[in-house]
1. Between Asp335 and Ala461, what's the calculated FRET efficiency when r is the beta-carbon distance and R0 is 35 Å? Round to 0.05.
2. Be a star and scan segment 279-299 for residues whose amide nitrogen sits under 18 Å from the point 7 Å along the Cα-to-Cβ vector of Ala378.
3. Do the sum for the chain: with -39,500 (n - 2.57) for every DSSP H run of n ≥ 4, divided by all residues, what is the mean residue ellipticity at 222 nm, to the nearest 500 deg cm²/dmol?
4. Tell me which GluC sites (Glu not before Pro) from segment 327-386 have a DSSP coil assignment and no more than 15 other beta carbons within 10 Å of their own.
5. Ordering Thr133, Thr331 by how much accessible area each has at a 1.4 Å probe, largest first, what is the list?
6. In square nanometres, what is one fourth of the surface area of the convex hull spanned by the alpha carbons of segment 243-385?
7. Please work out how much accessible surface Lys462 shows to a 1.4 Å probe, ignoring ligands, DNA and RNA, in Å² rounded to 10.
8. Computed FRET efficiency, Cβ-Cβ of Ala124 and Asp399, R0 25 Å: what is it to the nearest 0.05?
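The values are calculated or read from the model by the stated rules, or taken from the named source; none is laboratory data. Everything numeric here is computed off the predicted structure, so don't read it as measured data. Every residue, glycine among them, receives a Cβ derived from its backbone with ideal geometry; neighbour counts consider all protein chains shown. Quick note on the areas: whole protein, heavy atoms, side chains included, nothing else; ligands and nucleic acids left out. Shrake-Rupley method; radii C 1.70, N 1.55, O 1.52, S 1.80 Å.
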Amino acid sequence: MKKTVSVLAGAVLSLGMMSAQAATLKMAYDADPVSLDPQEQLSGGTLQLSHMVFDPLIRWTKDLDFEPRLAESWEWVDDLTMRFHLRQGVKFHSGNEMTAQDVAFTFNRLKNSADFKAIFEPFAELKVVDDHTVDLVSKSPYPLILNAATYIFPMDSKFYTGEDESGKPKDAIVKGGNSFASKNESGTGAYTVAYRQQGVKVEFKRNPNYWDSNSPGNVDDIVLTPIKEAPTRVAALLSGDVDFIAPVPPTDLDQIRNSDRTDLVTMSGTRIITFQLNQNRVEAFKDQRVRQAVVYAINQQGIVDKIMKGFATPAGQLSPKGYLGYDESLTPRYDLEKAKQLMKEAGYEKGFSVTMMAPNNRYVNDAKIAQAVASMLARINIKVDLKTVPKAQYWPAFDAREADIMMIGWHADTEDSNNFYEFLTMCPNADTGAGQYNSGNYCNPELDKLVQAANVETDSAKRAEIMQSIERGLYEDAAFVPLHWQDLAWGASKKVDIAPVLNVMNFPYLGDLVIKE
């Protein structure tokens, strides 16, 4: 049995440190974090963990504004430079004091992370001004400096410096690997990781030296149990075996809402669910008409109605309503006859065979959605060999591009349309991180130029015009297969006041969670 123990776990267990109002939260997600390294994988699970164990310089509010965390304040120095004033007296779980050197260490690590480097590519450097002041400097005027700062979770540079017992660097970022950082943590967050067995259970203990004395949180112990099967997860909540679950499948919303023991919290989501068509693996996918045929063959509204039970919004583009890139004219375009016509024009009337992969515990009803899409493609003679696997197995397969068609869901990490394009549709570039999650290997240099132009445009109206042009170009080119924006739902015992800590980003701020007596 493998264990992961944080450096202060034993101390936190001391009864002398337990608050009189201490509470325990038993929670169940559909999966547990694949790693303790906050920079190994850019995913919802990683960010949920990061907001428990680490802390960002600043974080999003419910209204998508910014609030101070490890940075107490910030101001522009010039057109390229944002200065952050760090909170003093903050201790890492190891006991080391957090300083500007730790922020610089973290920034340099982010620049070298395969998953995060695209977010930080616009930045030239992070300068240490003094022990508690840093300057984040962009290469050119950049409108999303504060957005990016929400991803700087300072790591304990002393703790992660040196070699582990195997002689490997402690700060190494190893995707899906067995690295020191993937198994050990020293953050500044409300919780330490006391025990971890991948796929079985993670136990968190309240950090007795947590810097945020104003936090209303009264939860000292959190036990996270991954429960992949939605019915089992819901049953565990209704029976009282767990206190908090996510996600709640559309089929069980009423069951939780109508129970006198539980509360349901829902909100419209901005995560797009898509499929990508790998042009490097399938010659036919290089033909725009074939890609268009695939898009025309998919009945998004049918998937939302029958599989999602109405708890999603059919999509024809990446940007959800409210984002600058959203174009209301780009609607879903299901038309089976049009799809067949395009296949015939492209010379593929008799079809061809492909492989498809999707996770079965990452997105709401992901496996059922994949099965439905496979059936729809059969109507235009595209025979699909579908394989669904747990999230922990899916991401390494996705990184390796192991199938011809792969599912990917994406919430814009910067709450900005350009983030969709940078990761999902730009020409893949390992050096810059562009197209890191573009498993279709789609590439349109002209659209990429527009993405780069939007990244340096600080006028919101002009940025919107540029990004809507990008959406139209992707739509016409059938760069990917849009399905829907996934709505969000959480369930909890009535004693657990979850609403104040939830947000559209879907990383609950559990350090502030209150369990009522």
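1. On the way: r = 34 Å, r/R0 = 0.96.
In this case the efficiency is close to 0.55.
2. Answer for this model: 294, 297-299.
3. Details: 16 runs with 136 residues, N = 517.
Here the helix-only value at 222 nm equals -7000 deg cm²/dmol.
4. On the way: sites: Glu328, Glu337, Glu345, Glu349; in loops: Glu328, Glu349.
Passing both the DSSP loop test and the Cβ count: Glu328, Glu349.
5. Of Thr133, Thr331, the descending order of accessible area is Thr331, Thr133.
6. On the way: hull surface 40.3 nm².
Convex hull of Cα atoms, orientation-averaged projection: 10.1 nm².
7. Per-residue accessible area (Lys462): approximately 110 Å².
8. Details: r = 28 Å, r/R0 = 1.12.
Efficiency at R0 = 25 Å is approximately 0.35.
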